[in-house]
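These notes concern the structure reproduced below.
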Amino acid sequence: MKDEKEEKEICMNGEIKRQDVDLLQLVTFKIGEEEFGVDILRVQEIIRTMEITRVPKSPDFVEGVINLRGKVIPIIDLRKRFGMEVREYDKHTRIIVIEINNMIVGFVVDAVREVLRIPADTVEPPPPAVMGGIDSEYIRGVGRLDDRLLILLDLDKLLSREEQAELGQVS
């Protein structure tokens, strides 16, 4: 994830000091009750759901493909990928178009929440166990925010090499 630097004033013993703070800039979204974040630089765009063309013999978590301005893009339902209960799309459902290893892929999410900048030091390593039904291998870390936790996804590990090769055949 891209780190930004921000100077922050800190008052200690009446003195004002300046300290560099590494920031992560993230696009956050919801799947079920969980909130996730991905590096904003990996996100190409966020679109409303559109007609998805099913592709025979594609992996279970692949919804199909869309035609986005002349480009055929495979669409992955993150609920299915994470083994969560499938639900109908609604007015909040979005497709986040992301680049993974030089391949453009769309991820279906329940809702996009916000663009967020968080200090890198608020991110802890992923827990070794499964979190909310999601394998920890997909998790880059967990960000602690004031009133909530944010699961940071490791986009490069969401799809195995074999799955990426399959998706290349789908698109």
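The values are calculated or read from the model by the stated rules, or taken from the named source; none is laboratory data. Model, not experiment: these values are computed from the prediction. Positions of Cβ are backbone-derived with ideal geometry, glycine not excepted, and every protein chain shown enters the neighbour counts. Side chains are part of the model used for accessible areas, which takes the heavy atoms of the whole protein and leaves out ligands, DNA and RNA. Shrake-Rupley method; radii C 1.70, N 1.55, O 1.52, S 1.80 Å.
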Each residue of the range 116-126 in turn: what ³J(HN,Hα) in whole Hz from Karplus with 6.51, -1.76, 1.60 and θ = phi - 60°, glycine and Pro shown as x? 9, 10, 10, x, 4, 6, 8, 9, 9, x, x
Across the range 141-151, in residue order, what do the Karplus-derived ³J(HN,Hα) couplings come to in whole Hz, using 6.51 cos²θ - 1.76 cosθ + 1.60 with θ = phi - 60° and x for Gly and Pro? x, 10, x, 9, 9, 3, 10, 7, 10, 10, 8
Using +1 at the C-beta of Lys and Arg and -1 at the C-beta of Asp and Glu, which of I151, L167, H92 has the Cα lying farthest in the positive direction of the dipole of the range 76-167? H92
Three-way shape label, the range 48-105, alpha-carbon gyration tensor, a/c 1.5: rounded
Between L145 and residues 5 or more places away or on another chain, which pairs have amide H atoms under 5 Å apart, with H built 1.01 Å from N, and which residues are they? L150
With a cap of 16 neighbouring Cβ atoms within 10 Å, and only residues DSSP puts in a loop, list the chymotrypsin sites (Phe, Trp or Tyr not before Pro) found in the range 57-117. Y89
For a quick check: with amide H placed at 1.01 Å from N, whose amide H comes under 5 Å from I52's, ignoring anything fewer than 5 positions away on the same chain? none
Give a quick list of GluC sites (Glu not before Pro) in the range 86-115 that DSSP marks as loop, anything other than H, G, I, E or B, with at most 15 other Cβ atoms within 10 Å. E88
Loop-located trypsin sites (Lys or Arg not before Pro) in the range 27-88, at most 14 other Cβ atoms within 10 Å (DSSP): R54, K57, R69, R87
Roll a 1.4 Å probe over the protein chains and send me the accessible area per residue for the range 25-80 in Å². 52
Taking placed amide H atoms and a strict 5 Å upper bound, the residues 5 or more places from D154 or on another chain that come that close are I139, R140
